[in-house]
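The values are calculated or read from the model by the stated rules, or taken from the named source; none is laboratory data. Small disclaimer: the values here were computed from a predicted structure and weren't measured. Here Cβ is always computed from backbone atoms with ideal geometry, including for glycine, and neighbour counts include all displayed protein chains.
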Amino acid sequence: MKRIEVKLSLPVVAPLLDLMKASSDVLEAQIAAPITLDDIDADFREDWRAELLGGQQEELHALMGLFNSDFFINGVVAFDEDNAEIIVRACSALRLRLRRHDLDILEDEQLESGGVDIERLPAALQKPFMCYVFLGTIQELIIQHLDTAILRGPAGESGPAEDDDEGAGDFDLDKD
Amino acid sequence: MSPPVLTTARRAEPLLAGAGARPGLAPDEVALPESAFAVQGPWRVVVLNDPVNSMGYVVLVFRKVFGFAEPRARRHMLEVHEQGRSVVWSGLREQAELYAFALQQWHLTAVLETDEAH
C-alpha cells in the first residue's frame, strides 16, 4: 500500500488547528458548497442535504483526527489509500468555508492566481489565509502521490489494478 | 419529477462504480430510446467555476466521478476555469441528479439544465 508521511512544523501548524477546528465545527451543520438544485422535490432535497452533510462530517472527523496526540509529539501526518480521498475532500470543504467566511474580502482573482502576499494582509486574515494555503498544500501532495489510489477507490473496491507497491514517500513541510 | 425510491447514497454507488465502464460509450453518452427523452428530456450537468478548488482537484474529481481520461477531464476543467462553466454530461434527469450529487460530495458546484430552461 502506498503511503506518504509528511513532517510538519509544529510551531507553524499548531496555531492553525484552532481555526480549522472552529471551521470544522460550523460545517457539522452546514454544507460547504451550496446545494444548487432548486427545483428538486423538497423531501428528496432534504434527504440529499442530510447525506451530503453526513459525508462531510465523516471527512472532517478524519482530517481533524490526523492532528492527535502523536502529531504533537512527532509532527507527522500520514496519508494512504484508505484516507486519501476523504482527506482531500475535507480540505476542500474547509477551504470553501474559510474563503466564504474568513477570507471573503479577498478577490477571486487574488486567490486563483496565488498573488497574495501574506505579510501585507491585515493581521486578522493572516491565520485564515495560512490555513487556506496549508490545506491546499495537503491536497496537492495527496493528489500528486495518491491520485491512482483515489481513482481506484478504497481497498476491495473494484477497479483496474495499477501499480500497487510504489513504496513509501516522506515529505518535510517543516518551515523552521 | 418522480419521487425517489432509494436514498441518494444507495443510488449513487452503482453510478460511480460503473461510470464510463460500458464498452463503446463515452461516459457522457447514454444509449436511450427516443421515448425516454420524450418523457424526461435531455438534462445537462453543468459544473460552475469556483475560486477555491484547484485545477488538479477538479481534474481528479472529473476522472473519479465520470471516468474521464485525463485529457478530457483537463479539457472540461479548463472550460470551467476560463468560461465559468462546463457541460460535463447530458442524459436522463434521474442520472443527471446522481452525477450532480456525486459532484456535490466532492464540494463542486453543479447545476442541472434542460433546453426548456433557455
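Which residue out of B:25, B:60, B:32 is of a type outside the set (Phe, Trp, Tyr) and modelled with pLDDT of 90 or more?
B:60
Search segment A:33-56 for residues that are within 7 Å of chain B (Cβ to nearest Cβ) and without any contact (Cβ under 8 Å) to a residue 24 or more places away in the chain and pair each with any residue that is among the hydroxyl-bearing types (Ser, Thr, Tyr) and in a helix (DSSP H, G or I) when their beta-carbon atoms are under 8 Å apart and the residues are at least 6 apart or on different chains.
A:44/B:8; A:47/B:8; A:48/B:8; A:51/B:8
Please go through segment A:5-53 and give me each residue that is of a type in the set (Asp, Glu) and under 18 Å from the mean Cα position of the chain (by Cα), ordered by number.
A:5, A:18, A:25, A:28
Among what's in segment A:115-151 and is out of contact with any helix residue (DSSP H, G or I) (no Cβ under 7 Å at 6 or more places or on another chain) and closer than 14 Å to residue A:88 by Cβ, pick the residue that is surrounded by the most Cβ atoms within 10 Å (Cβ to Cβ).
The extreme case among them is A:141.
Within segment A:16-31, can one find any residue that is β-branched (Val, Ile, Thr), without any contact (Cβ under 8 Å) to a residue 40 or more places away in the chain and outside any helix (DSSP H, G or I)?
The answer is yes, given that some residue of segment A:16-31 is β-branched (Val, Ile, Thr), without any contact (Cβ under 8 Å) to a residue 40 or more places away in the chain and outside any helix (DSSP H, G or I).
Is it the case that segment A:4-27 has a residue that's charged (D, E, K, R), surrounded by fewer than 19 Cβ atoms within 10 Å (Cβ to Cβ) and within 14 Å of another protein chain (Cβ to nearest Cβ)?
Looking through segment A:4-27, none of the residues is charged (D, E, K, R), surrounded by fewer than 19 Cβ atoms within 10 Å (Cβ to Cβ) and within 14 Å of another protein chain (Cβ to nearest Cβ).
Of all residues in segment B:98-118, which are within 10 Å of chain A (Cβ to nearest Cβ), without any contact (Cβ under 8 Å) to a residue 40 or more places away in the chain and of a type outside the set (A, V, I, L, M, F, W, C)?
B:104
Please go through segment A:14-48 and pick out each residue that is under 19 Å from residue A:94 (Cβ atoms) and charged (D, E, K, R).
Once the filter is applied, which keeps residues that are under 19 Å from residue A:94 (Cβ atoms) and charged (D, E, K, R), segment A:14-48 yields A:18, A:21, A:25, A:28.
From the list B:105, B:83, which residue is surrounded by fewer than 16 Cβ atoms within 10 Å (Cβ to Cβ) and modelled with pLDDT of 95 or more?
B:83
The conditions are (1) more than 9 Å from every other protein chain (Cβ to nearest Cβ); (2) charged (D, E, K, R); (3) free of Cβ contacts under 8 Å to residues at least 24 places away in the same chain; (4) farther than 22 Å from residue B:106 by Cα, and residue A:107 fails exactly one of them. Which is it?
Among (1) more than 9 Å from every other protein chain (Cβ to nearest Cβ); (2) charged (D, E, K, R); (3) free of Cβ contacts under 8 Å to residues at least 24 places away in the same chain; (4) farther than 22 Å from residue B:106 by Cα, residue A:107 violates only (1).
Of these, A:77, A:88, which one is touching a Phe, Trp or Tyr at 6+ places or on another chain (Cβ under 8 Å) and within 14 Å of chain B (Cβ to nearest Cβ)?
A:88
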